[in-house]
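Asker: Got a structure for you, questions after.
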Amino acid sequence: MNLDTATGRNKGIEPGIERPGRKNGRKFIYLSLAPVLLLFGVFAFLPIGWSLGLSVFKYNPLSGSALFVGADNYIRMLGDSVFLKSLWVTFKFVIIAVMVNIIITLMIAVAIQRIRSGWLRSLMRTLFFLPTIAPLAGTAIVWSTMFNFNHGLFNILLDKMHMAPIQWLSDPHYALYSVIMMTLWADIGYNIVLFIAGLDSIPEMYYEAAILDGASRWHIFKDITLPLLRRSMLFISVTTVVSYFQAFAQFQIMTKGEPFNETRVLALHIYEQAFSNSNMGYASAMATVFLMIILVVTLLQLKWGRTEWEY
């Protein structure tokens, strides 16, 4: 092929004229992305836009009429003690559950990754991943039975140890932590698999060099494993935070926000305002604020967690 050495372009092709192959390639890309973008538009962006529009109206779906109230729904949130309490409970749940989740899953992943037997590693990975296959609603019902005061598994174990039974889901001191226990059991399998994939991607030569230098296991983990897991850690932390912010099913089934709103997360409060109280406008305003909170938290995570990754 005869090339112009000065410009690096094929002779005979005018500057600014697009090559037919590149043009056809772009058409293929656009046609391939069109169904995905259409689905996102219909099922993601359109509902968000509709919710933003409803947030400035006082709208009851049963009445069929909407009254424009401007920013009143947003101002109302500032004086709504239940909303503020649900916001605090949501952040408390997310902070505790995400931190415990990442610590536990990283420890388990490191332990599994050190297993030399291939079939045993696969077996352990499968066993920890199995709870994630079960429907969350079914898991919540099973755990509600286990937390039962009179006949639940946990109180039976406490009785065997001659300890007083606990109102796991009715005591304000234990209710939220009980739901966190259930959520961790049902969810840690995902992050264990992701952490194992991240650990397997770290080149073995770094560990070999550290062992030759006489580094201890703790220093190897602190100075090699953790820094080189930043990509996996960032992805896992972002997806886990977003997922836990949206937690709903376990709270609806296990506690319904009780006792004394100690387990009333924001997603549950929005649901009850929209579908139990038919206050769709106010619920849309809360959903808009909730979306902004999740967006800001995610952007901050990406900003603080993004570094130069080379290995």
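The values are calculated or read from the model by the stated rules, or taken from the named source; none is laboratory data. Remember, it's a predicted structure, so these values are computed and weren't measured experimentally. For neighbour counting, all protein chains shown are included, and Cβ atoms are generated from backbone atoms with ideal geometry for every residue, glycine included. Ligands, DNA and RNA are stripped out before the accessible areas are found, and what is left, the full protein with its side chains, is counted by its heavy atoms. Shrake-Rupley method; radii C 1.70, N 1.55, O 1.52, S 1.80 Å.
Asker: Consider Phe147 against the criteria (1) of a type outside the set (A, V, I, L, M); (2) surrounded by 14 or more Cβ atoms within 10 Å (Cβ to Cβ); (3) touching a His at 6+ places or on another chain (Cβ under 9 Å): it satisfies all of them except one. Which criterion is unmet?
Answerer: Against the list (1) of a type outside the set (A, V, I, L, M); (2) surrounded by 14 or more Cβ atoms within 10 Å (Cβ to Cβ); (3) touching a His at 6+ places or on another chain (Cβ under 9 Å), Phe147 comes up short only on (3).
Asker: Of the conditions (1) open to solvent by 60 Å² or more (accessible area, probe 1.4 Å); (2) in a helix (DSSP H, G or I); (3) at pLDDT 85 or above, Gly53 satisfies every one except a single condition; which number is it?
Answerer: Gly53 satisfies all of (1) open to solvent by 60 Å² or more (accessible area, probe 1.4 Å); (2) in a helix (DSSP H, G or I); (3) at pLDDT 85 or above except (1).
Asker: Here is a follow-up. Filter the stretch 114-141 for residues that are without any contact (Cβ under 8 Å) to a residue 60 or more places away in the chain, more than 19 Å from Leu153 (Cβ to Cβ) and either open to solvent by 70 Å² or more (accessible area, probe 1.4 Å) or outside any helix (DSSP H, G or I) (or both) and give the result.
Answerer: Across the stretch 114-141, the qualifying residues are Arg114, Ile115, Arg116, Ser117, Trp119, Leu123, Thr126, Leu127, Ile133, Pro135.
Asker: Residues Val100, Val110: which one is aliphatic (A, V, I, L, M), open to solvent by less than 70 Å² (accessible area, probe 1.4 Å) and modelled with pLDDT of 95 or more?
Answerer: Checking each option against the conditions leaves just Val100.
Asker: Take Gly41 and decide whether it is modelled with pLDDT under 85 and open to solvent by less than 70 Å² (accessible area, probe 1.4 Å).
Answerer: When the stated conditions are applied, Gly41 passes them.
Asker: Inspect all residues belonging to the stretch 60-75 and state whether any of them is within 23 Å of the chain's Cα centre (by Cα), part of a helix (DSSP H, G or I) and on the phi < 0 side of the Ramachandran plot.
Answerer: no
Asker: Are any residues in the stretch 178-191 open to solvent by 70 Å² or more (accessible area, probe 1.4 Å) and touching a residue at least 40 places away in the same chain (Cβ under 8 Å), and if so, which ones?
Answerer: The answer is Trp185, Tyr190.
Residue-by-condition table, conditions (1) more than 24 Å from the chain's Cα centre (by Cα); (2) β-branched (Val, Ile, Thr):
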residue: Thr90; (1), (2): no, yes
residue: Ile104; (1), (2): no, yes
residue: Trp119; (1), (2): yes, no
residue: Pro135; (1), (2): no, no
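Asker: On to the next question. How many residues does the stretch 157-171 hold that are farther than 21 Å from Glu262 by Cβ and open to solvent by less than 80 Å² (accessible area, probe 1.4 Å)?
Answerer: 1
Asker: Tell me, which helices (runs of 4 or more DSSP H) lie completely within the stretch 203-311 with 2 or more residues that are closer than 30 Å to Ser63 by Cβ and either in contact (Cβ under 8 Å) with a residue 24 or more places away in the chain or open to solvent by less than 20 Å² (accessible area, probe 1.4 Å) (or both)?
Answerer: The helices (runs of 4 or more DSSP H) meeting that bar are 249-254, 266-271, 280-305.
Asker: Next question. Step by step: first the residues of the stretch 192-202, then only those that are closer than 24 Å to Leu130 by Cα and aliphatic (A, V, I, L, M), then the one that is surrounded by the most Cβ atoms within 10 Å (Cβ to Cβ). Which residue is that?
Answerer: Ile192
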